[in-house]
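The values are calculated or read from the model by the stated rules, or taken from the named source; none is laboratory data. The structure displayed is predicted, hence computed values, not measured ones. Heads up, the Cβs are rebuilt from the backbone with ideal geometry, glycines too, and the neighbour counts pull from every protein chain shown. All accessible areas refer to the heavy atoms of the entire protein, side chains included, with ligands and DNA or RNA removed. Shrake-Rupley method; radii C 1.70, N 1.55, O 1.52, S 1.80 Å.
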Amino acid sequence: MNPKTQQELPLPLLFERLRCTEHGLSGEEAQRRLSESGPNEPAPVGGNGGLSELLRGFANPLVVILLVASVVSAALGELVNASIIATMVLFSLALNFIQTYRSHRAVRLLRQGIVITATVLRDGCWREIVRRDVVPGDIVRLVAGDLVPADARLIEAKDLHVQQAALTGESLPAEKEANEEGVSTTRSGADALNTVFLGTSVVSGTATALVFATGRATAFGEIAGRLVVRAPETEFERGTRQFGFLIMQTVFVLVVFVFLVNAAARHDPFESLLFALALAVGLTPEFLPMITTVTLGQGALRMAREKVIVKNLSAIQNFGSIDVLCSDKTGTLTSGEMTLEQHLDPFGKTAEQVFLFAYLNSVFQTGIKNPIDTAILKKANINPLDVAILRHDHPDVHSYRKLDEIPFDFERRRVSVVVERDRRRFLLTKGAPENVLTVCDTYELGARQHALDSEALAKFRSMYEDLSRQGYRVLAVAYGATPEQAAYGKRDEKGMVLLGFLAFFDPPLPDAREMLKALHADGVRVKILTGDNEIVAKHVCSQVGLDDSRLVLGAELDQMSDAALAQVAENVTLFARVSPAQKNRIIHALKQRNHVVGFLGDGINDAPSLHAADVGISVAAAVDVARDAADIILLEHDLGILHRGIIEGRKAFSNVMKYLLMGTSSNFGNMFSMAGASLFLPFLPMLPMQILLNNFLYDLAQVTIPTDTVEPSFVLKPRRWDIKLIRDFMIFIGPISSLYDFVTFFALLKLFGASETLFHTGWFVESLATQTLVIFVIRTAANPLRSRPSLPLTVTTLLVVLVSLVLPFTSLAHILGFTPLPPMFFLFLIGVVSTYLVLVELAKRRLMGRFFNE
């Protein structure tokens, strides 16, 4: 039965088809259905399985070419060559697979701390369960801020608006309503009024719904795979792509040149082809995916210890690259724990009736749990979590009966409830003063009502603005008599009586000023994007040391072109009264100015901005839709935790850059040497199997780079991919390596009278020693003697060099084409390595100086 059929069926028949009732499922029946239908996941969780990870390694074109070369070599009788080539390739793939799989598994374990839940009716009681356990036939309850857990038919709905851009592309929320008889065929699919879908979110209103499809059987399940594959390119992925193009261009030119030259020199064509292919492997940093994954995976584990959960490994580098952080003030600059300080009549005197009506509104409204309602309930010395007791036992509440509710939304910025007492019905409203005043005709003072004329309106505005300047968050409270009718909606919010104001205090965090200074010192500018009024926002910013000299309102943004906004967004710190769409525009404007933008948010209206930012950051206590849109989850809403997470991101990227700078410069130098040597040598400068072994040992030495310490200079400011720096290292450091290779060629031929085998052995040892030990120079911008590498990096590097020195004296030497080296060669080697490292250090200082002084 397809979704269209379920939208058109009368609701009683749909219950019958799904073999369930309005009382929900039993736990036992739900478990049985879960085993039949499978987990409620639109796509497999945690990435691909082990086999898929392994097969992906074989998709590398270079790996395919080498394996084909191995097969051809075997067919021509070169069994030793074929087996060594295949062994080197397969062993590299296996190591890459093991490390990558371990890192992905660690990240999957971290992600288990972020669980999306749903409220379902089980065994006659409403329960909160993990979304993946929802099954067809479940009855779910939806409120503003929820992610819709599955495709479901509405049973009841009240002012329900759903954001379903993921399915329809429509940016505006769609209104939904229950329809027992089903819908016509002209309003089917995502446009059906009576159906909600997995992958959408509730913007406002409440509803109960009957689940008819879960997991891959949902409308969203059909496109979930494509959405994952086609995720927006991150800054890290963009840098990787640019680096890939650089390597491809270099490899193509060098390999074609070497093959043609060797063929023209009448070397064996097949051997020349293998030599050229081996050069390609030597130049390509084929361990980059593994090094990157391990480095970022370890960074994720360190960040987890700092109470930061990473949902996507590439987000770690993006996190470290943030240079602008946009956030609301509540919970970031302030504690987010509101205290109700005053409840006042329109002229500023304490009024108990204002508190009572606000209290009733908070008790009876069922929308998003928020600090405002919590503060009101705490003011009455009532446990805000025990609303059921409130409704029955509190004397002020007992005489009122709730009839209906008009939920909060971000356009009206107010919430209303309809109550009845002594057969009289009242609509009680609280919300932003400017929004409540628009629906008021009169105000109440004492027991008398007065017309809300322009003079009174000016006085009231002045009063709540004065409170705002003192740092208070101000809400207005109003009420109105309303006639008997079956249901109430926004249209009934009119002709109301202004009762007074509530003044809440949300104190700045004690360490906010210090944390903002620390972020600024590390190159991160904080911008405040708040929906609150400008007076409160300005007051809070001034208290924590943020620049409030210029403030831009949402209304002003609407008058700006995108080009003008880009200029303003870069220079202004504080934006007030901004809507979700305006926050989005600000973030896009900053990205157009080449900033890496982070956005910290935890509400429904923050979801679009979390998705638009380079790095979306949310908190564990955020609503589902915000957590789902975020890349980074903070287990505590703390700027200090965020700051430490940014530093960890920079450390992780720093170690990736060490591999790139070392690998491209050393590899390019050695490959350039091979290409040059092939022009004048009567034999290949190194056998293909020796090139592959050299490259494998070299990569093995770098496996421990992720464990290396990172010096402070690398994390002082945001770091981004610098292709020019990588290219400069290749162009300037590479030739230094080649220079010493040519010196080695001369010494081997003229001083040691080397045969072909001795030449291969001597150069193998020298090239591996120089390109491996250079990590101790390149890993730091400072003096290498003053910056200690990690113990694992030191051990693996020295061990690989030791292996290269010992191999010519083992039983494997004959198989590998090596021969024992004369004692004097080792004295020569010490001199070559020492002077090479000194020369690289001098060149590195010039190149690194530009990088760090930008």
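If I go through region 539-581 residue by residue, how many of them are touching a residue at least 40 places away in the same chain (Cβ under 8 Å) and not aliphatic (A, V, I, L, M)?
8
Give region 809-831 a look and list any residue that's modelled with pLDDT of 90 or more, crowded, with 18+ Cβ neighbours inside 10 Å and among the aliphatic types (A, V, I, L, M), or say none.
Leu821, Leu829
Quick check, is Asp722 under 23 Å from Val800 (Cα atoms), at pLDDT below 85 and either touching an Asp or Glu at 6+ places or on another chain (Cβ under 8 Å) or surrounded by fewer than 23 Cβ atoms within 10 Å (Cβ to Cβ) (or both)? Can you show your working first?
Numbers: under 23 Å from Val800 (Cα atoms): no; at pLDDT below 85: yes; either touching an Asp or Glu at 6+ places or on another chain (Cβ under 8 Å) or surrounded by fewer than 23 Cβ atoms within 10 Å (Cβ to Cβ) (or both): yes.
Considered against the rule, which asks whether it is under 23 Å from Val800 (Cα atoms), at pLDDT below 85 and either touching an Asp or Glu at 6+ places or on another chain (Cβ under 8 Å) or surrounded by fewer than 23 Cβ atoms within 10 Å (Cβ to Cβ) (or both), Asp722 comes out as no.
Identify all residues within region 453-479 that are exposed (fewer than 13 other Cβ atoms within 10 Å of the Cβ) and acidic (Asp, Glu); write none if there are none.
Asp453, Glu455
Out of all the residues in region 424-435, is one or more polar (S, T, N, Q), surrounded by fewer than 19 Cβ atoms within 10 Å (Cβ to Cβ) and touching a Phe, Trp or Tyr at 6+ places or on another chain (Cβ under 9 Å)? Step through it out loud before you land on a result.
Looking only at region 424-435, we keep the residues that are polar (S, T, N, Q), and these are 429, 435.
Still in the list and also surrounded by fewer than 19 Cβ atoms within 10 Å (Cβ to Cβ): 435.
Then keep just the ones that are touching a Phe, Trp or Tyr at 6+ places or on another chain (Cβ under 9 Å); that gives none.
Among the residues of region 424-435, not one is polar (S, T, N, Q), surrounded by fewer than 19 Cβ atoms within 10 Å (Cβ to Cβ) and touching a Phe, Trp or Tyr at 6+ places or on another chain (Cβ under 9 Å), which makes the answer no.
Assess whether Lys349 counts as being of a type outside the set (Gly, Ala, Ser), at pLDDT 90 or above and open to solvent by 30 Å² or more (accessible area, probe 1.4 Å).
yes
From the residues in region 510-537 that are of a type in the set (Gly, Ala, Ser) and assigned to a helix (DSSP H, G or I), which one is surrounded by the most Cβ atoms within 10 Å (Cβ to Cβ)?
Ala537
Among residues belonging to region 776-796 that are touching a Ser or Thr at 6+ places or on another chain (Cβ under 6 Å) and assigned to a helix (DSSP H, G or I), point out the one that is least open to solvent (accessible area, probe 1.4 Å).
Checking each candidate, the answer is Leu793.
Inspect region 545-562 for any residue being open to solvent by 20 Å² or more (accessible area, probe 1.4 Å), under 19 Å from Val596 (Cα atoms) and modelled with pLDDT under 90 and give the result as yes or no.
yes
For a quick check of your reading: which strands (runs of 3 or more DSSP E) sit entirely within region 557-630 and have at least 2 residues that are over 16 Å from the mean Cα position of the chain (by Cα)?
Details: elements: 574-576, 597-600, 615-619.
Of the strands (runs of 3 or more DSSP E) lying wholly inside region 557-630, those with at least 2 residues that are over 16 Å from the mean Cα position of the chain (by Cα) span 574-576.
Checking Gly145 against (1) modelled with pLDDT under 80; (2) open to solvent by 10 Å² or more (accessible area, probe 1.4 Å), which single condition isn't satisfied?
(2) is the only condition that Gly145 fails.
Taking the stated definitions as given, is Pro706 part of a helix (DSSP H, G or I) and in contact with a helix residue (DSSP H, G or I) (Cβ under 6 Å, 6 or more places away or on another chain)?
Against the criterion (part of a helix (DSSP H, G or I) and in contact with a helix residue (DSSP H, G or I) (Cβ under 6 Å, 6 or more places away or on another chain)), Pro706 qualifies.
Which residue out of Gly645, Gly640, Gly676 is more than 21 Å from Val838 (Cα to Cα), in a helix (DSSP H, G or I), small (Gly, Ala, Ser) and open to solvent by 10 Å² or more (accessible area, probe 1.4 Å)? It would help to see each step written out before you state the result.
On the way: Gly645 fails: open to solvent by 10 Å² or more (accessible area, probe 1.4 Å); Gly640 fails: open to solvent by 10 Å² or more (accessible area, probe 1.4 Å).
Answer to the selection: Gly676.
May I ask you to list the residues in region 620-637 that are open to solvent by 10 Å² or more (accessible area, probe 1.4 Å), in contact (Cβ under 8 Å) with a residue 24 or more places away in the chain and hydrophobic (A, V, I, L, M, F, W, C)?
Once the filter is applied, which keeps residues that are open to solvent by 10 Å² or more (accessible area, probe 1.4 Å), in contact (Cβ under 8 Å) with a residue 24 or more places away in the chain and hydrophobic (A, V, I, L, M, F, W, C), region 620-637 yields Ala620, Val623, Val625, Leu635.
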